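Presented below is the structure to which this report refers.
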Amino acid sequence: MATCEGNEARPVLNRVPPLLTDLYQFTMAYAYWRAGRHNEPAVFELFFRDNPFGGGFSLFAGLSDCLLFLQNFTFSDDDVEYLRSVLPAGTDAAFFSYLKELDCSSVSVSAVPEGSVVFARVPLLEVSGPLAVVQLLETSLLCLVNYASLVCSNAARFRLAAGPRRRLMEMGLRRAQGPDGGLTASRYTYIGGFDLTSNALAGRLFGIPVAGTMAHSYVTSFSSLEEVWPQTLVPCGGGGPIDFICLVKGWLGRVCQLLGSKTSLVREGELAAFLSYAIAYPQNFLPVIDSYSVSCSGLLCFCAVALALYELQYRPLGVRLDSGDICKQSLEVRHVFKECSKQFSVPQFESLIIVGTNSISEQSLAELNKKDNEIDVVGVGTHLVTCTRQPSLGCVYKLIEVRGRPRMKMSEDPEKSTLPGRKSVYRLLDADGPYLPMDLICLSEEAAPKAGVSLTCFPLGLNETLQTVTPAQVTSLRLDVFTCGQITFPLNSASESRERAQISLQTLHPLHKRLQEPHDYTVSSRYQQLEYMTSAD
């Protein structure tokens, strides 16, 4: 049985108490209780209606948080007293005694594994238990799944836009919608395919590799070499301290001579900043070089300091570009690195890392790939964590069964109608079939489809057309993850969910992963929606 101990569980327990929900959940729960219906067995399912960002897929995320929330669902005395103060004065006092005893010991959940590729209309969670309890869970579960799945899917799209070679760093904490938004984004962008985060707390809690360079403010805080202290650096291999300022000045003259540049144009404050940082972190030297002028100052200062570090047997990392045409600048930077490598016989200089930032969006990242550039790592913030192209996934939580009888929502908008009854979901695969792969939604009591056996089905949508398919492979998408108040499926770490997400994406056909005008993935049912409607009284 999984427990809620450890760094990954802590933020969920701290930030998602049962009171984090809408007030109307309590008014409905009271009305159920008042009518004596609160213990009726009921089933809800959670799904979304459209793939996000105009894309062809989504990644399901937030499951581990949901399970920890359910396992620890209890109201404190303070919670109940607060509810007593905000619910209408006529609320029966016995209801508050009922709330004090409430937990999820009678709740069970089946779910798609976290990190799985999923599609619109496919039930991601099925939650069953006493009517009042599973009603109270609605808002909290939606909160835990909606943003996590959205930002995870956004990260996957950035990864597809970047390609497999380039490393991606999430650096959106300062732009996120509050501390929780920033922490959630760091975890789920890593699961979606990012390699690094700048968020130190996310690194501690979730084991995500952290990285950081320096800000422009550090560079501009220096104005002269007199501010550099200490001024010496001990060689990596040992020995007496070396006058590092003198050593770097010598290298600066040689670099300027090689490149035909003027030392008079170099900003002394920028050189001082690089010197000071290199003395502090000689093995992790990666400055931002565009605080003033890349070609006239920043790049020259970096090369001089980096070559001095190599002379003392240290290994600098590279540079960061944060403004202007970073593609064009990266080509210039790499050219200079190669020239220095050749002229000064430092082979490692040629392969120093170039990091590109500067308000990177999915579109600009895709455009970057079309241009010649030498950028090794891309840092993404605002457009990643705020999901600027689409602010919400729009997950919904709908009642599908009460007392063993199916229930559905019927709407004047056909797309908002729901499919009644408990269901099973299968993924059907066949490399040669014209209608496969597809996800098939069946009633839970139906026999599972079998590989090699043909079946008829109806794609979900307004224009349902009967199809006959013969799957070569059938996989059940949902697993029992929470049974009678206990977590029954191993909680995945961020790295485990990341691995699942990347494997799941690899199995998806490239046509469905296209960032623009992807092919629609088929989700079908065994019955037409009209037949579902007549089955729900």
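The values are calculated or read from the model by the stated rules, or taken from the named source; none is laboratory data. Keep in mind it's a predicted model, so treat the numbers as computed, not measured. Heads up, the Cβs are rebuilt from the backbone with ideal geometry, glycines too, and the neighbour counts pull from every protein chain shown. Please note that ligands, DNA and RNA were not included when accessible areas were found on the heavy atoms of the full protein model with its side chains. Shrake-Rupley method; radii C 1.70, N 1.55, O 1.52, S 1.80 Å.
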Hand me the list of helices (runs of 4 or more DSSP H) wholly inside the stretch 18-89 holding 2 or more residues that are surrounded by fewer than 20 Cβ atoms within 10 Å (Cβ to Cβ).
23-34, 77-86
Log entry, pairs with first residue in the stretch 390-411 being farther than 14 Å from Phe48 by Cα and of a type in the set (D, E, K, R), second being open to solvent by 50 Å² or more (accessible area, probe 1.4 Å) and assigned to a loop (DSSP other than H, G, I, E, B), beta carbons closer than 9 Å, six or more apart or on different chains, reads Glu401/Arg407; Glu401/Arg422; Arg405/Asp537; Arg407/Asp537
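Would you call Leu317 within 32 Å of the chain's Cα centre (by Cα), surrounded by fewer than 23 Cβ atoms within 10 Å (Cβ to Cβ) and within 19 Å of Ser341 (Cα to Cα)? Let's see the steps before the verdict.
Details: within 32 Å of the chain's Cα centre (by Cα): yes; surrounded by fewer than 23 Cβ atoms within 10 Å (Cβ to Cβ): yes; within 19 Å of Ser341 (Cα to Cα): yes.
It is true that Leu317 is within 32 Å of the chain's Cα centre (by Cα), surrounded by fewer than 23 Cβ atoms within 10 Å (Cβ to Cβ) and within 19 Å of Ser341 (Cα to Cα).
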Inside the stretch 17-53, can you point out the residues that are farther than 25 Å from Ser149 by Cβ and among the small types (Gly, Ala, Ser)?
Ala29, Ala31, Ala35, Gly36
Going through (1) more than 21 Å from Arg174 (Cα to Cα); (2) open to solvent by 40 Å² or more (accessible area, probe 1.4 Å); (3) modelled with pLDDT of 95 or more; (4) of a type in the set (S, T, N, Q) one by one, Gln363 fails only at (3)
Can you tell me which residue is nearest to Val377 (Cα to Cα) among those in the stretch 169-182 that are in contact with a helix residue (DSSP H, G or I) (Cβ under 8 Å, 6 or more places away or on another chain) and either aromatic (Phe, Trp, Tyr) or surrounded by 20 or more Cβ atoms within 10 Å (Cβ to Cβ) (or both)?
Glu170
Any idea which residue in the stretch 377-393 is least open to solvent (accessible area, probe 1.4 Å), counting only those that are part of a loop (DSSP other than H, G, I, E, B) and out of contact with any Leu (no Cβ under 9 Å at 6 or more places or on another chain)?
Thr386
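For the stretch 96-117, which positions are polar (S, T, N, Q) and out of contact with any strand residue (DSSP E or B) (no Cβ under 8 Å at 6 or more places or on another chain)?
Just the residues of the stretch 96-117 that are polar (S, T, N, Q), to begin with: 97, 105-106, 108, 110, 116.
Residues satisfying the conditions are Ser97, Ser105.
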Considering only the stretch 149-157, I want to know if a residue exists there that is within 24 Å of Pro17 (Cα to Cα) and not aliphatic (A, V, I, L, M).
yes
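Is it true that Gly163 is at positive phi, touching a residue at least 60 places away in the same chain (Cβ under 8 Å) and either open to solvent by 30 Å² or more (accessible area, probe 1.4 Å) or not aliphatic (A, V, I, L, M) (or both)? Write out each step before concluding.
Values: at positive phi: yes; touching a residue at least 60 places away in the same chain (Cβ under 8 Å): yes; either open to solvent by 30 Å² or more (accessible area, probe 1.4 Å) or not aliphatic (A, V, I, L, M) (or both): yes.
When the stated conditions are applied, Gly163 passes them.
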I'd like to verify a number: residues in the stretch 130-180 that are assigned to a helix (DSSP H, G or I), more than 29 Å from Pro518 (Cα to Cα), touching a Ser or Thr at 6+ places or on another chain (Cβ under 8 Å) and not aliphatic (A, V, I, L, M), how many?
4
For the stretch 264-303, give me each residue that is open to solvent by 50 Å² or more (accessible area, probe 1.4 Å), farther than 23 Å from Val378 by Cα and in contact (Cβ under 8 Å) with a residue 12 or more places away in the chain.
Leu265, Arg267, Glu268, Cys296
